[in-house]
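Reading through the structure tokens given below for one structure.
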Amino acid sequence: MLILGIETSCDETAAAVAQGKNGKVEILSDVVSSQIEIHKKYGGVVPEVAAREHVLNILPVISRALEKSETPRLTKGGCPKGGGVNAIAVTIGPGLITSLVVGIETAKVLSCAWSVPVVGINHVEGHIYANFIERQEEIKFPAIILTVSGGHTMLVLMRGHGRYKTIGETRDDAAGEAFDKAAKLMGIGYPGGPAISHNAQRITHNDGNKVKLPRPMINSNDFDFSFSGLKTALLYGLKKDNNWKKRIPEYCREFQQAVVDTLVFKAIKAAEKYKAKTVMLAGGVAANTELRKQLEKAVEEKLKAAFVMPDLKYTTDNAAMVASAGYFRVLKKDFTPWEKLRVDCNLELK
Ligand code: KG4
Ligand code: ZN
């Protein structure tokens, strides 16, 4: 079964073709057109600009994904033909309304033109299903997923395909948002996650890092997070330090470690409480090398659970993850008639 995935929830225009067979997903093509260079100069995503770029890019990106899937029936004369696609999976929310609508309307038109069904996918569910790409055999339920992106920080209990319970979330900024804001304070670039991680790596030995930041809510009696206080603590730290520009790598390392400590601690606590058989990582912040390393180590040392994380290329926004989630929904015949497909910017994971 061939699934075309479409993702336009924020500032990446993405399309991918996945082959689903016997409960397994293989990605045949994965195309992402990133707008980072355009939004960089504003220090964040400008919704109007993002939407305009999606409109310009969506058909070329879909066309390229169909071509690259090397399923010759799928393209003719550069225009997408749906001959071989069995279903279209598209992100319907959460995200920026003006961005989401471009993907959804395109999916509707293609669904009509090709006479193939559509599946509406929650963006967070998409991130979770990045883990299922070629690794589904390692995943056993119940699973705990630490979902960390620019818009979300959640601990999700997953009891089966499409069965979610959010057991904890951020009370203010998302982890990725905290990285982005902290990087902005230090003027080291956008997006902030990679910039902070890169600067932190410049310290190769532990030479008595004097910078100390709090681990907000690490001892709270729940699975929630809070990162806005951490960003404020960083701001005060920088204000008090005349020499902070020379110590940016130290600030970055401590900031990153404060975020990683809280995320790892609560993920392990949740996995213990819910007797998880698998712990997974999802979302853009799952690209962070320290988070990947330290969560894997903690799971190995503290739990009898498997640890699964997505390939780096499937951590930040992409359509392969949407196609993957789409395949498992198609298996349950969870289609949405195209007339009923709607944007929901605040869509909850259920
Ligand atoms: O999932 P994503 O691509 O978009 C949303 O759904 O929000 O996540 C983007 C977020 C940004 O905040 C970015 O700074 C963060 O992921 N990110 C990272 C890294 N790479 C991207 N955060 C920490 N370390 C990274 N290496
Ligand atoms: Zn995302």
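The values are calculated or read from the model by the stated rules, or taken from the named source; none is laboratory data. For clarity, every value in this text was computed on a predicted model and none was experimentally measured. Quick reminder, even Gly has a Cβ in these numbers, built from the backbone with ideal geometry, and neighbours come from all protein chains shown.
Annotations
- Some residue of region 287-300 being modelled with pLDDT of 95 or more, out of contact with any strand residue (DSSP E or B) (no Cβ under 6 Å at 6 or more places or on another chain), under 30 Å from residue 111 (Cα atoms) and surrounded by 19 or more Cβ atoms within 10 Å (Cβ to Cβ): no
- Residues satisfying the stated conditions in region 158-171, i.e. within 17 Å of the chain's Cα centre (by Cα) and of a type in the set (A, V, I, L, M, F, W, C): 158
- When 334, 311, 261 are screened for being out of contact with any helix residue (DSSP H, G or I) (no Cβ under 7 Å at 6 or more places or on another chain), within 16 Å of ligand 2 (Cβ to nearest atom), charged (D, E, K, R) and in contact (Cβ under 8 Å) with a residue 24 or more places away in the chain, only 311 passes.
- In this structure, residue 282 qualifies as crowded, with 18+ Cβ neighbours inside 10 Å and small (Gly, Ala, Ser).
- All positions within region 107-144 that are over 22 Å from residue 281 (Cα atoms) and either touching a Ser or Thr at 6+ places or on another chain (Cβ under 8 Å) or within 16 Å of ligand 1 (Cβ to nearest atom) (or both): 117, 118, 119, 120
- When residues of region 1-16 are limited to those that are among the hydrophobic types (A, V, I, L, M, F, W, C) and either over 14 Å from the mean Cα position of the chain (by Cα) or farther than 18 Å from residue 111 by Cα (or both), the one surrounded by the most Cβ atoms within 10 Å (Cβ to Cβ): 15
- For residue 137: the one exception among (1) under 19 Å from residue 311 (Cα atoms); (2) within 12 Å of ligand 2 (Cβ to nearest atom); (3) outside any strand (DSSP E or B); (4) not basic (Lys, Arg): (2)
- Residue within region 196-203 that is within 16 Å of ligand 2 (Cβ to nearest atom), modelled with pLDDT of 95 or more and surrounded by 21 or more Cβ atoms within 10 Å (Cβ to Cβ) present: no
- Test result for residue 106, among the hydroxyl-bearing types (Ser, Thr, Tyr), buried (at least 21 other Cβ atoms within 10 Å of the Cβ) and within 15 Å of ligand 2 (Cβ to nearest atom): no
- Among the residues making up region 218-244, a single one is within 23 Å of the chain's Cα centre (by Cα), part of a helix (DSSP H, G or I) and polar (S, T, N, Q): 228.
- Tabulated pairs, region 118-132, first under 16 Å from residue 20 (Cβ atoms) and within 10 Å of ligand 2 (Cβ to nearest atom), second of a type in the set (Val, Ile, Thr) and in a strand (DSSP E or B), C-beta under 9 angstrom, 6+ apart or interchain: 126/91
- Subset of region 150-181 [of a type outside the set (Val, Ile, Thr), under 17 Å from residue 346 (Cα atoms), in contact with a Ser or Thr (Cβ under 8 Å, 6 or more places away or on another chain) and surrounded by 18 or more Cβ atoms within 10 Å (Cβ to Cβ)]: 152, 154, 173, 174
- Number of residues in region 145-164 that are within 16 Å of ligand 1 (Cβ to nearest atom) and in a loop (DSSP other than H, G, I, E, B) equals 4.
- When residues in region 31-46 are screened for being modelled with pLDDT of 95 or more and surrounded by fewer than 23 Cβ atoms within 10 Å (Cβ to Cβ), 2 of them pass.
- Of the candidates 85, 119, 90, 101, the single residue that is closer than 30 Å to residue 145 by Cβ, in contact with a Lys or Arg (Cβ under 7 Å, 6 or more places away or on another chain) and modelled with pLDDT of 90 or more is 119.
- So residue 278, is it among the β-branched types (Val, Ile, Thr), out of contact with any Leu (no Cβ under 7 Å at 6 or more places or on another chain) and either at pLDDT below 95 or more than 11 Å from ligand 1 (Cβ to nearest atom) (or both): yes
- Residue check: residue 176 meets all listed conditions (1) near ligand 1 (Cβ under 8 Å from one of its atoms); (2) not in a helix (DSSP H, G or I) but one, namely (2).
- Test: residue in region 297-307 that is within 16 Å of ligand 1 (Cβ to nearest atom), in contact (Cβ under 8 Å) with a residue 12 or more places away in the chain and out of contact with any Leu (no Cβ under 6 Å at 6 or more places or on another chain): no
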